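What follows is a single structure, written as structure tokens, with notes after it.
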């Protein structure tokens, strides 16, 4: 006999979804209204303005795709690319590989620039590739690699791409709201993100933004976009000004209430303050992790505050640790992805999950579980090390 | 200064979204857990089982696509079709046209069989097309046309399609949960639906189901599916058995809580009982509408109970009527789509919105507003006519 599903109250410190702010959950449960209701249309306009703030952009075409981040990624590629186009994809983790998949499914050519997993993308390697491939029209890379916790210098990459007349497509799924991102100032032409990382919102939508140069490419396409659902020529009609709004698909109304509330929370806190908060709690977590004697995958200078890839000590059963954390502490941390499976844990400090009490909870839980499994770590010192950062 | 968005409590009697059951809104607001959490995986298995019940199918591949109905439609087409395939699309409204768009964006050929808007698809016309196009591999049509309110005989269409060795792709967005639909017994090979119609759930997900023959087509494709996000070879890994579950994209966790609850409500009521309820309240609405002196677009035998397309009396300002209903009664009814814009209203009786008090509310509100606008209708008799049906 099936019954209503009552999930437990977890603490989500994995790679996302992150803990959702109670105000956002409350917003989700408000009465559904029509997706063409004048009041809903007004709220969508506010979502656009709030997204412009979060992205630090004045791009008119700044909207939320009605599906998760992967669909946001696909929206960018299918709208910009045509068969035969060349795209340079700088890969330093799982999500660069997904970009390649997207490029190739558009019938375009992906020139892969491989960087070490756990390191930033190398702007010099990008320049070499641009020199070798003058036919390239686009450069794509990930700002904050969720699979490894490495941050790439967006401005440096965009500067080089533009020098070679390429437009840039940037994955900001894990960076938006967690670390500095200046879409306009840094010359990002196209960007996509997700709601379930540093925005602390429920998963299911993908904020995207396109500048005028990108819009020109879309408008001068010779071929139809291969996806009807993601075709921005149609989607724009729905997100357009109220007087010209046209039906495309039924918007996920309640999910947009949630996004609206999450962006409002970000605005209320202030972007800079949110970035500083992620940095501060990361420093505390880092102190605790190092006190335990564990290593980070990513060198300090290229390390994200909101996604901490920590090496699993030799002989420790990855799955057993995560199982015990979940069972005894209701605490979720992430497993490694791809080549890092079984070798690292990914501890997320994203959005609402990025709070002092969670740092202490995570460190004490990890300490306890590792002690029970007789892991070779320094017990009983992590909390004090973290506390010292807040002092 | 932007503030939290508090939507009004509307009564949604348009073409969808329909009124969402309070239990579903409550489910949406429960704490988010990880999309790979063992408890979430168990809930997804229940969603699959409940969808099999709703669709009346034993198809193993019965899941919810993480995006609205339009993406469910696209999932069906991009996974089954390859460039050069021929598809016969029977069109009797807006959504058959969207099917054509989808077919063509796959590089396939759409043979259009046009039926009158407001009528069912004609199985004889389909057979003529199949005779003329022996190269056709698929037949696609809409079960319940949301733009007109006409129902098509799914079994008759599938029988003919199969006689000519075609697989059937059926749009059940507005039919699921509202009128009889037997996916297995009627020989539907592929079906997609939406959550925001007769399931009374929030918009944003698309239930789909594929039988073994369809799965064979997918598995024997020569080319890669053009969409990464919608590629069932990848999506199946995520919806697969718990032991083999692999990460694809971050599922819209809270939206799936809502779908789970809505399907549970349907199971508790019973499919046949839900169908009977839609029929009963439709009869009452019909009596009231006819008492007002208004006409239906669709002939009785081909008319959906859950989507009532009513002709707007001459000289009456469509937009003004809908504006007054919304303003004074918090009541949303739908405008006409496509060629029917300005000529019809679409009154939805879907899922939780399909209740006796809504029939009376809608009829009295319409009567009042039409009186104020001096429309040539019979005032003061609609409610009594409706009440007589319930007697």
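The values are calculated or read from the model by the stated rules, or taken from the named source; none is laboratory data. Since we're looking at a predicted model, the values are computed, not measured. Neighbour counts are summed over all protein chains in view; Cβ atoms, including those assigned to glycine, are modelled from backbone coordinates with ideal geometry.
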Identify, from the list A:3, A:62, the residue that is more than 7 Å from chain B (Cβ to nearest Cβ), in contact with a strand residue (DSSP E or B) (Cβ under 6 Å, 6 or more places away or on another chain) and modelled with pLDDT of 95 or more.
A:62
With respect to residue B:184, determine if the residue is surrounded by fewer than 24 Cβ atoms within 10 Å (Cβ to Cβ) and free of Cβ contacts under 8 Å to residues at least 12 places away in the same chain.
no
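Residue-by-condition table, conditions (1) within 8 Å of chain A (Cβ to nearest Cβ); (2) in contact (Cβ under 8 Å) with a residue 60 or more places away in the chain; (3) in contact with a strand residue (DSSP E or B) (Cβ under 9 Å, 6 or more places away or on another chain):
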site	(1), (2), (3)
B:207	no, yes, yes
B:214	no, yes, yes
B:227	yes, yes, no
B:231	no, yes, no
B:240	no, no, no
B:254	yes, yes, no
Counting only residues that are in a loop (DSSP other than H, G, I, E, B) and facing chain A (nearest Cβ under 9 Å), the range B:16-52 contains a total of 14
Considering every residue within the range A:237-250, establish whether at least one is under 18 Å from residue B:204 (Cα atoms), in a loop (DSSP other than H, G, I, E, B) and out of contact with any helix residue (DSSP H, G or I) (no Cβ under 6 Å at 6 or more places or on another chain).
yes
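In the set B:165, B:231, which member is surrounded by fewer than 24 Cβ atoms within 10 Å (Cβ to Cβ) and under 28 Å from residue B:255 (Cβ atoms)?
Working: B:165 fails: under 28 Å from residue B:255 (Cβ atoms).
Answer to the selection: B:231.
Here's the yes/no breakdown for (1) under 30 Å from residue A:335 (Cα atoms); (2) surrounded by fewer than 23 Cβ atoms within 10 Å (Cβ to Cβ); (3) assigned by TED's automatic domain parsing to the domain that holds residue B:193:
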| residue | (1), (2), (3) |
| --- | --- |
| B:39 | yes, yes, yes |
| B:53 | no, yes, yes |
| B:78 | no, no, yes |
| B:82 | no, yes, yes |
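Conditions tested, residue by residue: (1) surrounded by fewer than 22 Cβ atoms within 10 Å (Cβ to Cβ); (2) within 14 Å of chain B (Cβ to nearest Cβ); (3) out of contact with any strand residue (DSSP E or B) (no Cβ under 9 Å at 6 or more places or on another chain).
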site: A:280; (1), (2), (3): yes, no, yes
site: A:318; (1), (2), (3): yes, yes, no
site: A:323; (1), (2), (3): yes, yes, yes
site: A:365; (1), (2), (3): yes, no, no
Are there any pairs, at least 6 apart or on different chains, whose C-beta atoms fall under 8 Å, with the first in the range A:65-90 and under 21 Å from residue A:254 (Cβ atoms) and away from chain B (no Cβ under 12 Å) and the second assigned to a helix (DSSP H, G or I) and modelled with pLDDT under 95, and if so, which?
none
Looking at B:32, B:11 in this structure, which one is closer than 13 Å to residue A:8 by Cα and surrounded by 20 or more Cβ atoms within 10 Å (Cβ to Cβ)?
B:32
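Yes or no, residue by residue, for (1) under 22 Å from residue B:79 (Cα atoms); (2) more than 19 Å from the chain's Cα centre (by Cα); (3) surrounded by fewer than 24 Cβ atoms within 10 Å (Cβ to Cβ):
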position: B:193; (1), (2), (3): yes, no, no
position: B:197; (1), (2), (3): no, no, no
position: B:206; (1), (2), (3): yes, no, no
position: B:210; (1), (2), (3): yes, no, no
position: B:240; (1), (2), (3): yes, yes, yes
position: B:255; (1), (2), (3): no, no, no
